[in-house]
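Below: the structure, in structure tokens.
The values are calculated or read from the model by the stated rules, or taken from the named source; none is laboratory data. These numbers come from a predicted model, not from an experiment. Ideal geometry is used to build each Cβ from the backbone, glycine not excepted, and the neighbour counts take in all protein chains shown.
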């Protein structure tokens, strides 16, 4: 059985987003008072994590963790660590996490910005560890954060927001002194992928076109994006004609004239900040060959769309459970 290009240790194909519905948020106040020490093995410290900015050393078990990167907070929560500050990349509101991570905070975190970071607000939380593992990888931002506390940025050789869920879990669990727990979380998700793939051998080798609609513009995801990696775990292959247009990013814009580029054995499209009904009524989308042949799936469940895009271990398991039946139904016609 083909399972994409999974690598068990630090993972593979990157995770990111086609568009950020929570761009530029400035953040709300939450709990900024004292925090209990994060669970973890104190004897493991100091620990060193290799990042695109070089080695980062965490000298001792952190007590106050700030999670800035895409799904860094959910990753910490999956390990039983509650950040004192977090960013809400998918606009969930509340504590900034999806329903798969609800109830994991005892006290609400201070909500922070996403693409626009208020460094004074971050510093006021007095963090002893900053997680920014899935981010745009800008060195000036990293350098400013590193002046506040040890900051774990993205791994080497990834596109912006291109850290895989495996890489993210490995880096975060190492920084938190919870390596064994991190490996267990990875194993749980990989087992879920394997079981779903075994149950649907018809997925293996099929080409897929993944797209999104944002701001009156369609786009397609390429190798280096979490959704492409997600599909590859079942044996789907991203359409080569789409990948050929990639230029170091995780998506490419698709003009109305070339919209049939999305057509494949299975085509999955979803809206960002818009209604699925608009896509279903779009004559251009309905005119592509995948739609004409009943191979087009328009996702309309915002929770599922967020899980499909979220990329944490918790979100990924939710997406496996809820998206796979839709893929199978669409392929079956």
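Hey, does segment 204-227 have a residue that's closer than 18 Å to residue 69 by Cβ and out of contact with any helix residue (DSSP H, G or I) (no Cβ under 8 Å at 6 or more places or on another chain)? The answer is yes, given that some residue of segment 204-227 is closer than 18 Å to residue 69 by Cβ and out of contact with any helix residue (DSSP H, G or I) (no Cβ under 8 Å at 6 or more places or on another chain).
Rundown of residues vs (1) in a loop (DSSP other than H, G, I, E, B); (2) over 18 Å from residue 163 (Cβ atoms); (3) in the same structural domain as residue 126 (by TED's automatic domain parsing), yes/no style:
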{"position": "56", "(1), (2), (3)": "no, no, yes"}
{"position": "62", "(1), (2), (3)": "yes, yes, yes"}
{"position": "69", "(1), (2), (3)": "yes, no, yes"}
{"position": "75", "(1), (2), (3)": "no, no, yes"}
{"position": "82", "(1), (2), (3)": "yes, yes, yes"}
{"position": "91", "(1), (2), (3)": "yes, yes, yes"}
{"position": "94", "(1), (2), (3)": "yes, yes, yes"}
{"position": "97", "(1), (2), (3)": "yes, no, yes"}
{"position": "107", "(1), (2), (3)": "yes, yes, yes"}
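Do we find that residue 170 is outside the structural domain of residue 232 (by TED's automatic domain parsing) and either buried (at least 21 other Cβ atoms within 10 Å of the Cβ) or within 11 Å of residue 68 (Cα to Cα) (or both) in this structure? Can you show your working first?
Numbers: outside the structural domain of residue 232 (by TED's automatic domain parsing): yes; either buried (at least 21 other Cβ atoms within 10 Å of the Cβ) or within 11 Å of residue 68 (Cα to Cα) (or both): yes.
Against the criterion (outside the structural domain of residue 232 (by TED's automatic domain parsing) and either buried (at least 21 other Cβ atoms within 10 Å of the Cβ) or within 11 Å of residue 68 (Cα to Cα) (or both)), residue 170 qualifies.
Quick one: would you say residue 248 is more than 25 Å from residue 158 (Cα to Cα), surrounded by fewer than 19 Cβ atoms within 10 Å (Cβ to Cβ) and modelled with pLDDT under 95?
Working: more than 25 Å from residue 158 (Cα to Cα): no; surrounded by fewer than 19 Cβ atoms within 10 Å (Cβ to Cβ): yes; modelled with pLDDT under 95: yes.
Spelling it out, it is not the case that residue 248 is more than 25 Å from residue 158 (Cα to Cα), surrounded by fewer than 19 Cβ atoms within 10 Å (Cβ to Cβ) and modelled with pLDDT under 95.
So, in segment 86-95, how many residues would count as being surrounded by 24 or more Cβ atoms within 10 Å (Cβ to Cβ) and out of contact with any helix residue (DSSP H, G or I) (no Cβ under 6 Å at 6 or more places or on another chain)? Total meeting the criteria: 2.
Applying the set (1) closer than 28 Å to residue 158 by Cα; (2) crowded, with 18+ Cβ neighbours inside 10 Å; (3) modelled with pLDDT of 95 or more to residue 288 leaves exactly one unmet item: (1).
How many residues, within segment 224-242, are in a loop (DSSP other than H, G, I, E, B), out of contact with any strand residue (DSSP E or B) (no Cβ under 8 Å at 6 or more places or on another chain) and modelled with pLDDT under 95?
Applying the first criterion (in a loop (DSSP other than H, G, I, E, B)) to segment 224-242 yields 224-225, 233-236, 239.
This time we only want the ones that are out of contact with any strand residue (DSSP E or B) (no Cβ under 8 Å at 6 or more places or on another chain), so: 224, 233-235.
Adding the requirement that they be modelled with pLDDT under 95 leaves 224.
Qualifying residue count, segment 224-242: 1.
Candidates in segment 198-223 are the residues that are over 21 Å from residue 309 (Cβ atoms) and either without any contact (Cβ under 8 Å) to a residue 24 or more places away in the chain or out of contact with any strand residue (DSSP E or B) (no Cβ under 7 Å at 6 or more places or on another chain) (or both); of these, the one that is surrounded by the most Cβ atoms within 10 Å (Cβ to Cβ) is 200.
The condition of being in contact with a strand residue (DSSP E or B) (Cβ under 7 Å, 6 or more places away or on another chain), closer than 28 Å to residue 180 by Cβ, in contact (Cβ under 8 Å) with a residue 60 or more places away in the chain and surrounded by 23 or more Cβ atoms within 10 Å (Cβ to Cβ) holds for only one of 109, 83, that being 109.
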